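J.: The structure follows.
Read-outs: derived from the displayed coordinates by stated rules, not from any lab. Owing to the predicted nature of the structure, the values given are computational and were not obtained by experimental measurement. Quick reminder, even Gly has a Cβ in these numbers, built from the backbone with ideal geometry, and neighbours come from all protein chains shown.
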Amino acid sequence: MNLKIIMAFVADEKTDVVLEAARRAGATGATVFPGVRGEGLEPEKTFLGLDLTSQRDVLMFLVAAPKAREILETISAAGKFDEEPGSGIAIQIKIEDAVGLKTQENALIKEIEESL
C-alpha cells in the first residue's frame, strides 16, 4: 500500500481545527502528542526562569499517498500556517512499509480509489 505520514507541529489552540480539517480532507485517524516544546528562529524569552512559550502539539496522520498533498494543504489553510507566525508547520514523509492497518484498510483503499 502506498502511504505517507503527515506530521503537523501546531500551536495547541489550533489542534482541534487542524484535526477536523484533516478528517474532512480524507485522513482516517490521527495520533496526537500533546504539550511538546519547540523553538523558532529566535529563542523564546523567559521570565525569572519560567518558560513563556505556548504549548505545541504534534499531530501524525498515516494517509494514502494520493491524498497526502490535499490533506497537507487543507491542514495548512485551516491552521493558517502561512498567515500567522508560530501557528504551525507540517511535513509529509514517504512510508516504506506499515503493519497493523487491517481495521483501516477499507477506508484507505476507498480514499485511494476516489482520488483516481
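J.: For region 78-93, just list the computed ³J(HN,Hα) in residue order, Karplus coefficients 6.51, -1.76 and 1.60, θ = phi - 60°, integers in Hz, with x standing in for Gly and Pro.
T.: 5, x, 6, 4, 8, 9, 10, x, x, 6, x, 9, 9, 9, 10, 9
J.: Around S76, what is the net charge, scoring Lys/Arg as +1 and Asp/Glu as -1 over all other residues with Cβ under 12 Å from its Cβ?
T.: Net charge around S76: -2.
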